[in-house]
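Before I ask anything, here is the structure I am working with.
All of the numbers you see were taken from the coordinates with simple rules; none came from a lab. Computed from a prediction, not measured in an experiment: that's the story for all the values here. Note: ideal-geometry Cβ built from the backbone for every residue, glycine included; neighbour counts use all protein chains shown.
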Amino acid sequence: MTKQTNYAGASQFANALTGLQAWLESGHKNPSLVGMPEALLQHPLMRQVWHGIDATQVWDCHAHIIGSGDSGTSGAWATPKMDSWLHPILKIQKYFHINGAGLDAHNEDTSFVARLAHLSSEMPAGYKTMLFAFEWAHDEAGEQIKEDSIFHIPNDYAAKIVAQHPQHFEWVASIHPYRADAIDALEQAHAQGAVAMKWLASSMGIDPASPKCTKFYQKMQMLDMPIITHVGRESAVPGGDLNFNNPLKTRHMLDAGVRIVMAHCASDGFDEDYDNGNKIVTSFELFARMMDMPEYDKLLFGDISATTLFNHAWVLKHILQRTDWHHRLHNGTDYPLPGVFPLITSGQFYREGMLAAEHLPFLKDVRKYNPIMFDFAMKRLLSFEGKQFPVSVFETRRMFDKNYKMQLKE
Ligand SMILES: [Zn+2]
């Protein structure tokens, strides 16, 4: 492609974004209101969604830290491509992130943390969010490649946010297993209190089936640290080899005894079925096959974050019906996703018969003030053919808290 066509494409996207902005301003944008009114906090539906829940056990197991490094101390980094019309998809994503997380665009690092801490303070005491660090892309030799990375959130920064707000947050480390110092970094993260590991194999350049991961898996198993790994298509962080996200690639990890949470229950995309002549099937079908293998019963889990996206209702219905899986499903928000108004709509679930008409005004009002409360409330209210997510899906702390068993004994 010539530069000229690039620029022509860019200006078309610029026009499209202007239209999108206008549409968002007309009521589809996250207003990020501050201070949920008493009437909402005391609403009968609010009482219903928290009924029978022990908030001290509710850990949102999937949330992203957004930051540009503009505080000068975080070490967070995002590719400058996000600010360029030559990369319109990234540019639009950035707009969604900023609006979804209610950020001050001139003060991204601190406004991100301040907003999420405020939202968390409105949740019942004990509720926590697990915040993800995010590793650089690396090459085969384990060297970091900044040019191929979309963003980077250092482990130390995630740990620091937790140290500032221990009542609201836990943190999840992200370490490339090919790094020469991978095992040391893993031990250090564990010692610093990381409750899990996060990978996005495609964009980080990790082949989970590579023998180069073996030692890392052994150490993870020894530390009893679970991994939350993305499977299936990835839309938010483009690039890399999408085959690395094939659920079947994680078998080595499971066989090493590592507990895996497959993000979003592999609700998006297609993969090659290595067991059946590499024919193309949905990623979800491979997730389901692995969930149904008795040997993985205590090792393989799914998170239900982003299963409420507008195009994922079919997966949501499926997992609501699979009550035999429910004790292995964990709630996550994929924050700031619930704040990105156009991508999740309660109206759709009403039309699908999964929410009642009286739920809608309540959910809409809650969302204007607090997207994480909205996400929790909507998932608690969703039902399909009489099936709902049980309390255990939300009380996820038992999966991640190293001290949980000890605390139970006390
Ligand atoms: Zn995510």
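What trypsin sites (Lys or Arg not before Pro) in region 292-333 are in a loop by DSSP, with at most 12 other Cβ atoms within 10 Å of the Cβ?
Numbers: sites: Lys298, Lys317, Arg322, Arg328; in loops: Lys298, Arg322.
Hits after loop and neighbour filter: Lys298.
Let me ask something else about it. Using Cα centres only, tell me the gap between region 147-207 and region 290-317 in whole Å.
Using only Cα atoms to place each centre, the spacing works out to 24 Å.
In debye, nearest 20, what is the charge dipole magnitude of region 3-409 about its Cα centre with +1 on Lys and Arg Cβ and -1 on Asp and Glu Cβ, if you could check?
Numbers: 37 positive and 45 negative charges, 143 e Å.
Dipole about the Cα centre, nearest 20: 680 debye.
Provide the net charge surrounding Asp273, with neighbours chosen by a C-beta distance below 15 Å and charges set as Lys +1, Arg +1, Asp -1, Glu -1.
Its environment carries a net charge of -1.
While we're looking at this one, here's another question. Using only helices, what value at 222 nm comes out for the chain when you add -39,500 (n - 2.57) per DSSP H run of length 4 or more and divide by the total residues, to the nearest 500 deg cm²/dmol?
Numbers: 18 runs with 158 residues, N = 410.
Calculated mean residue ellipticity at 222 nm is -11000 deg cm²/dmol.
Taking springs between alpha-carbon atoms closer than 10 angstrom, which of Phe96, Phe389, Phe310 fluctuates most in the Gaussian network model of the chain?
Maximum fluctuation in the GNM of the chain, among the listed residues, is at Phe310.
Using the crude model of +1 on Lys and Arg Cβ and -1 on Asp and Glu Cβ, and no other charge, please compute the dipole size for region 335-410 relative to its Cα centre, in debye to 20. Mind dumping the intermediate values first?
Numbers: 12 positive and 8 negative charges, 52 e Å.
It works out to roughly 260 debye.
Please find the FRET efficiency linking Ala141 to Leu41, where r is the Cβ-Cβ separation and R0 is fixed at 56 Å, and quote it to the nearest 0.05. Numbers along the way, then the final one.
Details: r = 54 Å, r/R0 = 0.96.
About 0.55, to the nearest 0.05.
Pull out the extension gain between Glu352 and His106, defined as 0.36 nm times the separation in residues minus the alpha carbon to alpha carbon distance; nm, one decimal.
Numbers: separation 246, 0.36 × 246 = 88.56 nm, distance 4.01 nm.
Length gained between Glu352 and His106: 84.5 nm.
Could you work out, for the chain, what percent of all Cα-Cα pairs fall into each 20 Å distance bin, beginning at 0 Å and stopping at the bin that holds the largest distance?
27, 61, 12, 0
For region 3-409, what relative contact order do you get, as a whole percent, if you take Cα pairs closer than 8 Å and at least 6 residues apart?
On the way: 749 pairs, mean separation 72.0, N = 407.
Once normalised by length, the contact order is 18 percent.
Please report the net charge: other residues with Cβ closer than 14 Å to the Cβ of Ser305, K and R +1, D and E -1.
On the way: positive: Lys198, Lys379; negative: Asp60, Glu234, Asp268, Asp303, Asp334, Asp375.
Once positives and negatives cancel, what remains is -4.
Ok, one more. Run the numbers for Thr73 and His51: contour at 0.36 nm per residue of separation, minus the present Cα-Cα distance, in nm.
Details: separation 22, 0.36 × 22 = 7.92 nm, distance 4.09 nm.
Residue separation times 0.36 nm, minus the Cα-Cα distance, leaves 3.8 nm.
In addition: Which trypsin sites (Lys or Arg not before Pro) in region 195-266 pass both tests, a DSSP loop state and at most 12 other beta-carbon atoms within 10 Å? Show your work: numbers first, answer last.
Values: sites: Lys198, Lys212, Lys215, Lys219, Arg233, Lys249, Arg251, Arg259; in loops: Arg233, Arg259.
Counting only loop positions with at most 12 other Cβ atoms within 10 Å, none of the trypsin sites (Lys or Arg not before Pro) in region 195-266 qualifies.
Rounded to the nearest 5, what % of the DSSP beta bridges within region 101-235 are antiparallel ones?
Details: 2 of 10 bridges.
That works out to approximately 20 percent antiparallel.
Next question, about the same structure. In whole Hz, what ³J(HN,Hα) sequence does region 376-387 give by Karplus (6.51, -1.76, 1.60; θ = phi - 60°), x for Gly and Pro?
Per residue, the Karplus-derived 3J(HN,Hα) values read 4, 4, 5, 5, 6, 8, 4, 8, 9, 6, x, 9 Hz.
Under 5 Å between amide hydrogens, which residues at least 5 positions from Asp303 or on another chain qualify, with H placed 1.01 Å from N in the peptide plane?
Met262, Ala263, His264, Cys265, His330
While we're here: So which residue, out of Thr307, Thr323, Thr250, gets the largest mean-square fluctuation from a GNM of the chain using Cα contacts under 10 Å as springs?
In this elastic network of the chain, the residue with the biggest mean-square fluctuation among Thr307, Thr323, Thr250 is Thr323.
Here is a further query. For the chain, what is the percent of antiparallel DSSP beta bridges, rounded to the nearest 5?
On the way: 9 of 31 bridges.
Bridges in the chain that DSSP calls antiparallel: roughly 30 percent.
How much length, in nm to one decimal, is gained on full extension between Ile89 and Gln192, taken as 0.36 nm per residue of separation minus their Cα-Cα distance? Display every interim value, and only then the final one.
Values: separation 103, 0.36 × 103 = 37.08 nm, distance 3.57 nm.
Full extension from Ile89 to Gln192 adds 33.5 nm.
If you filter region 311-407 for GluC sites (Glu not before Pro), then keep DSSP loop positions with at most 15 other Cβ within 10 Å, what is left? Intermediate results must be reported in sequence, preceding the final value.
On the way: sites: Glu352, Glu358, Glu385, Glu395; in loops: Glu352, Glu358, Glu385, Glu395.
When the GluC sites (Glu not before Pro) of region 311-407 are filtered for loop state and at most 15 Cβ neighbours within 10 Å, Glu352, Glu358, Glu385 remain.
Would you order Asp109, Asp241 from fewest to most other beta-carbon atoms within 10 Å of each residue's own beta-carbon?
Details: Asp109 23, Asp241 13.
Listing Asp109, Asp241 from fewest to most nearby Cβ atoms yields Asp241, Asp109.
A follow-up question, please. Mind telling me which of Glu187, Glu38, Glu234 comes out most flexible in a GNM of the chain, alpha-carbon contacts under 10 Å?
In the Gaussian network model the winner is Glu38.
Going through the cross-link list Lys298/Lys402; Lys29/Lys91; Lys94/Lys215; Lys146/Lys402; Lys364/Lys402, which pairs have a Cα-Cα distance over 25 Å in this structure? Show your work: numbers first, answer last.
Working: Lys298/Lys402 16 Å; Lys29/Lys91 17 Å; Lys94/Lys215 36 Å; Lys146/Lys402 33 Å; Lys364/Lys402 36 Å.
Check vs 25 Å cut-off fails for Lys94/Lys215; Lys146/Lys402; Lys364/Lys402.
Please compute the net charge surrounding Ile206, taking Lys and Arg as +1 and Asp and Glu as -1 over other residues with Cβ under 13 Å from its Cβ.
Numbers: positive: Arg179, Lys198, Lys212, Lys249; negative: Glu135, Asp139, Glu140, Asp148, Asp207, Glu234, Asp241.
Neighbourhood net charge equals -3.
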